[in-house]
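Asker: Pasting a structure here, questions to come.
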Amino acid sequence: MQPTPQPIADILELARWAPSGDNAQPWRFEIIDDHRLIVHAFDTRDHCVYDLDGHPSQIAHGTLLETLAIAASAHGLRAEFKRRPDSPESHPDYLVDLIPDSTLAPDPLLPHIRQRSVQRRPMHTTSLTTKQKQALQVAIGKSFTVHWFEGGAQRWHMAKLMFDNAKLRLTLPEAYLVHRNIIEWNAQFSEDKVPDQALGLDTMTLRLMRWVMASWQRVDFFNTWLAGHLMPRIEMDLLPGMFCAAHFAILAQESPETVDDYVAAGRAAQRFWLTSTSLGLQLQPEMTPLIFSRYVREARVFSHQPGAMRAAAKLAQRLSRQLPDKSAERAVFLGRIGSGRPAASRSLRLSLQRVLT
């Protein structure tokens with residue numbers, strides 16, 4: 001195999017660290033020459049209940065393109081993107097031109113691309129400063145706004161919302177198939193999955209979960225008769241939801257509709273996340289409530305599990321009450337944030353050679 005031309009090799013070496021749901025990395029790269037490439041993106045809607053219409057994957061595509069643009073700035077190159085209109089929504093292709101620009105300085109977020117990670121364990125409850133919140137608002141630009149859930153009462157409401165959403169998530173057979181496939185057991189790091197040590201669970205709960213998740217029959221039995229979902233929900237949702245500085249929602253000016261709308265949201269979310277890293281803050285996405293709320297709004301059945309749709313409808317109403325008036329449809333990203341130590345266990349990425357076509 002011929003060596004990858006420079007500077008594209010260095011740019012893609014950083015770009016591949018962009019975040020994606022469950023570390024799916026829904027992209028591959030085709031290099032045309034030393035200043036042009038194609039991003040062959042894809043989504044997981046055909047087998048992942050969380051990837052409704054591929055929109056979460058499209059947000060991930062946006063995080064990739066933003067990361068690529070930041071990485072290109074280190075070489076005095078301006079990245080311009082164009083989605084091929086004839087490529088299907090489930091497999092969009094993005095033409096990338098790297099244009100020399102002598103006026104372009106390296107992006108200040110460049111050093112934080114590799115540092116950025118998910119922290120699923122409790123953080124400090126120290127409130128964010130006004131300066132920190134202003135920096136995060138500036139990071140996402142004028143097309144988006146941040147709504148904060150701060151203070152003990154609001155953190156409790158959001159923690160309880162995540163705790164109750166987790167019951168839905170952990171009792172769905174459709175979600176079980178996803179969870180079974182994306183966890184790498186007995187691992188601190190994983191190139192293409194989520195290592196179990198990054199889930200935020202203690203050792204005993206992890207051991208039991210690994211045994212239970214060997215089959216849906218075990219999961220269903222433990223959930224039905226032994227409240228098997230309770231301890232994971234406490235450790236992964238309730239306690240982390242309380243122990244953070246705040247929860248937040250990124251709101252678009254208008255409800256996103258097109259692929260490009262969701263890509264733009266992903267670019268903003270990545271700048272928010274990288275800026276939080278530059279401020280010494282940790283972050284965890286909390287996207288499940290947004291996804292199930294859209295299933296409810298559009299009256300789309302996501303499970304044949306009895307009571308699942310009713311439970312999702314109640315949770316969607318609670319989320320709507322927490323957000324500003326009529327803004328639930330404009331929410332593109334939900335998460336929690338705070339100061340604390342970086343995660344000791346995290347997802348890594350496939351090597352550059354494995355994501356090149």
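The values are calculated or read from the model by the stated rules, or taken from the named source; none is laboratory data. No experiment lies behind these values; they were computed from the predicted model shown. Every residue, glycine among them, receives a Cβ derived from its backbone with ideal geometry; neighbour counts consider all protein chains shown. Please note that ligands, DNA and RNA were not included when accessible areas were found on the heavy atoms of the full protein model with its side chains. Shrake-Rupley method; radii C 1.70, N 1.55, O 1.52, S 1.80 Å.
Asker: Calculate, in nm to one decimal, what Ala227 and Gln353 gain on full extension: separation in residues at 0.36 nm each, minus their alpha carbon distance.
Answerer: 40.9 nm is the gain from fully extending Ala227 to Gln353.
Asker: Based on the Cβ-Cβ distance of Trp211 and Arg36, what FRET efficiency does E = 1/(1 + (r/R0)^6) give at R0 = 51 Å, to the nearest 0.05?
Answerer: Approximately 0.55, to the nearest 0.05.
Asker: Would you pull out the residues with amide H under 5 Å of Ile183's amide H, same chain only if 5 or more places away, H placed 1.01 Å from N?
Answerer: Val194
Asker: Mean projection of the alpha-carbon convex hull of the stretch 1-152 over all orientations, in nm²?
Answerer: Answer in nm², one decimal: 12.1.
Asker: May I ask you to derive the relative contact order of the stretch 161-294, considering only C-alpha pairs under 8 Å and at least 6 residues apart, and to give it as an integer percent?
Answerer: 24
Asker: Considering only protein heavy atoms and a 1.4 Å probe, what is the carbon-and-sulfur percentage of the accessible area of the chain?
Answerer: 54
Asker: Also, I was wondering about something else. So what is the relative contact order for the chain, in percent, with contacts set as C-alpha pairs under 8 Å and at least six apart?
Answerer: 26
Asker: Something else now. Sum -39500 (n - 2.57) across every DSSP H segment of at least 4 residues in the chain, then divide by the residue count to get the 222 nm mean residue ellipticity, nearest 500.
Answerer: Calculated from helices alone, the mean residue ellipticity at 222 nm is -12000 deg cm²/dmol.
Asker: For the stretch 94-168, what is the accessible area per residue in Å² when the probe is 1.4 Å?
Answerer: Spelled out: the 1.4 Å probe surface of the stretch 94-168, per residue, equals 52 Å².
Asker: Quick one: compute a quarter of the convex hull surface over the Cα atoms of the stretch 294-357 and quote it in nm².
Answerer: Averaging across all directions leaves 8.8 nm² for the Cα convex hull.
Asker: Determine the equivalent ellipsoid of the chain by diagonalising the alpha-carbon gyration tensor, then write out the semi-axes as square roots of 5 times the eigenvalues, largest first, rounded to whole Å.
Answerer: Those come to 32, 23, 21 Å.
Asker: Shifting gears a bit: Please name whichever of Ser57, Gln119, Asn181 sits farthest to the positive end of the charge dipole of the chain, dipole taken about the Cα centre and charges placed at Cβ: Lys and Arg +1, Asp and Glu -1.
Answerer: Gln119
Asker: Ratio to report: Rg/Rh of the stretch 215-343, with Cα atoms as the point set and Rh obtained by the Kirkwood method; give two decimals.
Answerer: 1.01
Asker: Moving to a separate point now. Just need the relative contact order of the stretch 266-352 here, percent rounded to a whole number, with Cα pairs under 8 Å and 6+ apart.
Answerer: 41
Asker: Rounded to the nearest 5, what is the percent of antiparallel bridges among the DSSP beta bridges in the chain?
Answerer: Counting DSSP beta bridges with both partners in the chain, the antiparallel share is about 85 percent.
Asker: For the stretch 41-63 and the stretch 173-195, what is the centre-to-centre distance using only Cα atoms, to the nearest Å?
Answerer: Measuring centre to centre over Cα atoms gives 17 Å.
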